[in-house]
Amino acid sequence: MNNVNLKWVYLFALSIIWGSSFILMKKVLIGLTPVQLGSLRILFTGFFLFIVGFNKLKTIKPKDWKWVSVTGVLGTFFPVFFFAYAQTEIDSSIASILNSLVPLNTVIIGFIVFKITSTKRQILGVFIGLLGAVLLIANGASINSNQNYLYTIYIILATVSYATSVNVLKRYLQNMHALTIAVGNFVVIIIPAIVILISSGFFKAEVLASPNLKPALFYLVILSLFGTAVAKVLFNKLVHVATPVFASSVTYLMPIVAIFWGVLDGESLSLLQIIASLVILFGVYLSHRRKS
């Protein structure tokens, strides 16, 4: 299969996997704290990746470890904690919609940090997308008074982190195997995750005896295997066969999947929130559309 077809296969697969991750995080948080969710997610994912690709580590050149570490910290470590904290206060569907800021931030960071030129259309798309995000947050805060929309800051930080990582991947790790990058990422971040888990109180008797622990761990294993391990490899493959902005446009389709799961779980969206979501997606479309 050629690269043109492959990139669309990866895109749709990632949309389904990552779009389902938000509802899984919501279910995990019933039995675990955000810190426990983030650290255990890293541990479980690292375990899965080490089984299938630990021997790939010997192919990483010493000069590349710096960039492998950067993409591990920015592309996985910080975001898993940011999203976990955000979803203690915000619906999973809203979190997925705000995640659509990743392509916009990819353009911004690509221009500011990596000196990748941007067209007027891309700049317009960034402003439209940011306007949609402001509308979504403002309206959500007014109609969901029981939710603290200041927690959207965590999602925004996660999108900046993701966007920086994808630019680094494309610039410095383009020729490295996708599984190699993923395994290298988790070698770097798994020790800090263990330290954080131990300090979180997870091993206390009352936590281990909680009736919510088993279902939370069940959902967490699914989230770690597919939402992080498999998705991490697929995304690295997507970056290799497509542009950074196309790769980050997986966030176009993720909200559709996430909203579907959210509605099934009793979440709701107002008309203004739906309009704001469409504004964000239109901004994303403009920001990565190529000139004809």
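The values are calculated or read from the model by the stated rules, or taken from the named source; none is laboratory data. Only a predicted model underlies this, so the values are computations on that prediction, with no experimental measurement involved. Cβ: placed from backbone, ideal geometry, glycine included. Neighbour counts: every protein chain shown.
Odds and ends about this structure:
- Residues that are under 11 Å from the mean Cα position of the chain (by Cα) and among the aromatic types (Phe, Trp, Tyr), drawn from segment 144-166: Tyr162
- Residue within segment 127-135 that is touching a residue at least 40 places away in the same chain (Cβ under 8 Å) and under 19 Å from Ala247 (Cβ atoms) present: yes
- Selection count, segment 60-72, where residues are of a type in the set (A, V, I, L, M, F, W, C), surrounded by 17 or more Cβ atoms within 10 Å (Cβ to Cβ) and part of a helix (DSSP H, G or I): 3
- Residue in segment 234-255 that is over 20 Å from the mean Cα position of the chain (by Cα), surrounded by fewer than 23 Cβ atoms within 10 Å (Cβ to Cβ) and not in a loop (DSSP other than H, G, I, E, B) present: no
- The sole residue among Asn146, Asn139 that is farther than 27 Å from His240 by Cβ, modelled with pLDDT under 80 and part of a helix (DSSP H, G or I) is Asn139.
- Checking each residue in segment 31-50 for being in contact with a Ser or Thr (Cβ under 8 Å, 6 or more places away or on another chain), of a type outside the set (Phe, Trp, Tyr), assigned to a helix (DSSP H, G or I) and over 16 Å from Ser199 (Cα atoms) picks out only Thr45.
- Here is the figure for segment 224-273: residues that are out of contact with any Gly (no Cβ under 7 Å at 6 or more places or on another chain), under 30 Å from Ser145 (Cβ atoms) and among the small types (Gly, Ala, Ser) total 4.
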